Amino acid sequence: MATKGPPIIKGRKIKTNDNSNKQEVVEEENLGSIIAQLITTEGEVTGPPLSLPANVTPEQLELLINQLLNNDEHLPYAFSVDGREIAATLYKDIIQGLKRSTEDVLKIVYQPQAIFKVRAVTRCSSTLTGHSDAILSVSFSPDGTQLATGSGDSTVRIWDINTDTPHYTCSGHNSWVLCISWSPDGKSLASGSMDKTVRLWDPETGKPIGEPLKGHSQWITCLAWEPLHLNPKCNRLASSSKDGTIRIWDTKLRRVLFTISQHTAAITCIKWGGNGLLYSASRDKMIKVWDSTQGKLVRTLEGHGHWVNTMALSTDFVLRTGAIDHTGKKPKDENEAKEWALTRYKAATGNKPERLVSGSDDFTMFIWEPSESKKPIARLTGHQKLVNHASFSPNGNMFASASFDNSVKLWDGLTGRFIASLRGHVGPVYQVCWSSDSRLLISASKDSTLKIWDLKTKKIKIDLPGHLDEVYSVDWSPSGEKVASGGKDRQLKIWRN
């Protein structure tokens, strides 16, 4: 294969008033053609090798891939070579940017993007007061119509986000509420507290559902519901504690089904996977994988040299939203809900194993396929301090990590390859959250600000100051319309576009 030779770059010099010479914008001509092969993120070849103009744009590639795939409607795609996204032209970003030869056969990886687009929030529409201590957790319901907060004042509050007013104050805990979690059908809200109990609330009335669930001997660290497509009744909840145990509760019968107690230190995080496996991370440096039906240990994932602080699943977003997609359409009954949730889960995984990312006090992360192997896909280094939080993009193509080194880092969701560092915060970053179209990321920091990052440019898109102190928690509504944040200043802020 041969091109027409090196590019001829023509430029004209122009005179200015100060007699200085300036080069006009260069006109690139005669760039020739490049042989390219389009492939999926999994490495599957699509169509034959193609001879493309070197200055082909992403828009032109999008038209081409839609034709090759015979799509009935035009779908958006992103294109990259060796991890470098084609943003302007193939020539500028890959031949010049990666110093690739025009004689190479380029493997262009294409990834489908969300059909809908989320606009970045730009302003604080409401500052809601009411909590008398720090807000430790903020969470939208699966359909995005309700918002809950857990606070150091021992209460859970449910807010009406259409009118930006407090809806219910749920009182009953007698110590800090450390974590809250919506059931995937949105009909129950669970809260875990330093008082060693788990409580369930009815979000329609704000009243407690029965007595507190007691059994743990130390405070509750994390909560996880069984996914909707595995159990449309949504009556099984897992709680982890500083006492090193996990308890699986039947929330309807209000009793413990079984207790898991093989960790030798406090459990920091649990996730309930869409394949029926339960994952737990602990201060004993281990991640354990459990069969959620009987509580049997499936495998132990080892590699971290210090406490494991956080975990994220590539399917977190679809497991959280259950049967509700971006259209907001609701199922008629449990069977339809289960069917829709299963369809969404299968689409998110592509019939591949779900991936797990773990972050630790040892400054590193690992990416795993825990249902298949106890060996990690990759060990990820680069952070200079502990990794506090990790989160997968809704499409599973990327994940972000937040660290006490004031940075957010982006990684490839399949291989764990490093993509970029997002710098701008001047304090530790506590939490990150993705927009539902996977194009934007928001981060919350000790420096009292939130920042929205554009994943295309890998730069700050919008800076959101306004909090008076550290921002502990942030959540982006599944519909993409609103962001909620809370922190040490006891204020809940609602941000809109």
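Side notes on the structure shown:
- Taken together, Ile115, Ile86 contain a single residue that is loosely packed, with under 14 Cβ neighbours inside 10 Å and either within 28 Å of Ser445 (Cα to Cα) or not basic (Lys, Arg) (or both), which is Ile115.
- All positions within segment 127-164 that are surrounded by fewer than 18 Cβ atoms within 10 Å (Cβ to Cβ) and either of a type outside the set (Gly, Ala, Ser) or modelled with pLDDT under 95 (or both): Thr127, Thr129, Gly130, Asp133, Thr145, Asp160, Asn162, Thr163, Asp164
- When Thr145 is tested against (1) closer than 30 Å to Thr221 by Cα; (2) hydroxyl-bearing (Ser, Thr, Tyr); (3) in contact with a strand residue (DSSP E or B) (Cβ under 7 Å, 6 or more places away or on another chain), only condition (3) is not met.
- Of all the listed residues (Thr327, Thr343), the sole one being β-branched (Val, Ile, Thr) and either assigned to a loop (DSSP other than H, G, I, E, B) or not assigned by TED's automatic domain parsing to the domain that holds Ser241 (or both) is Thr327.
- Residues in segment 170-185 that are small (Gly, Ala, Ser) and either surrounded by 20 or more Cβ atoms within 10 Å (Cβ to Cβ) or in a strand (DSSP E or B) (or both): Ser171, Ser181, Ser183.
- Segment 313-347, residues that are more than 14 Å from Leu228 (Cα to Cα) and at pLDDT below 90: His326, Thr327, Gly328, Lys329, Lys332, Ala347
- Residue list for segment 55-100, restricted to those being aromatic (Phe, Trp, Tyr) and not in a helix (DSSP H, G or I): Tyr77, Phe79
- Every residue from segment 332-353 that is touching a His at 6+ places or on another chain (Cβ under 6 Å) and closer than 15 Å to Asp316 by Cα: Ala341, Leu342, Tyr345
- If you filter segment 322-347 down to residues that are of a type outside the set (A, V, I, L, M, F, W, C) and touching a helix residue (DSSP H, G or I) at 6+ places or on another chain (Cβ under 8 Å), you find that the one that is surrounded by the fewest Cβ atoms within 10 Å (Cβ to Cβ) is Asp325.
- Just one of (1) touching an Asp or Glu at 6+ places or on another chain (Cβ under 9 Å); (2) in a loop (DSSP other than H, G, I, E, B); (3) in the same structural domain as Lys330 (by TED's automatic domain parsing); (4) surrounded by fewer than 22 Cβ atoms within 10 Å (Cβ to Cβ) fails for His167. It is (2).
- Meets criteria (modelled with pLDDT under 95 and touching a helix residue (DSSP H, G or I) at 6+ places or on another chain (Cβ under 8 Å)) for Lys233: yes
- Answer from Ser445, Ser421, Ser436 - the residue that is free of Cβ contacts under 8 Å to residues at least 40 places away in the same chain, in contact with a His (Cβ under 7 Å, 6 or more places away or on another chain) and of a type in the set (S, T, N, Q): Ser445
- If you filter segment 357-370 down to residues that are assigned to a strand (DSSP E or B) and in contact with a Leu (Cβ under 6 Å, 6 or more places away or on another chain), you find that the one that is surrounded by the most Cβ atoms within 10 Å (Cβ to Cβ) is Met365.
- Selection status of Ser436, of a type in the set (S, T, N, Q), within 15 Å of the chain's Cα centre (by Cα), over 17 Å from Ile460 (Cβ atoms) and at pLDDT 95 or above: no
- Only strands (runs of 3 or more DSSP E) whose full extent lies in segment 237-312 are considered here, and the ones with at least 1 residues that are of a type in the set (D, E, K, R), at pLDDT 95 or above and crowded, with 21+ Cβ neighbours inside 10 Å are 246-250, 267-272, 287-291.
- Answer from Gly416, Gly396, Gly382, Gly424 - the residue that is more than 18 Å from the chain's Cα centre (by Cα) and under 26 Å from Ala114 (Cβ atoms): Gly424
The values are calculated or read from the model by the stated rules, or taken from the named source; none is laboratory data. What you see is a predicted model, and the numbers here were worked out from it, not measured in a lab. Neighbour counts are summed over all protein chains in view; Cβ atoms, including those assigned to glycine, are modelled from backbone coordinates with ideal geometry.
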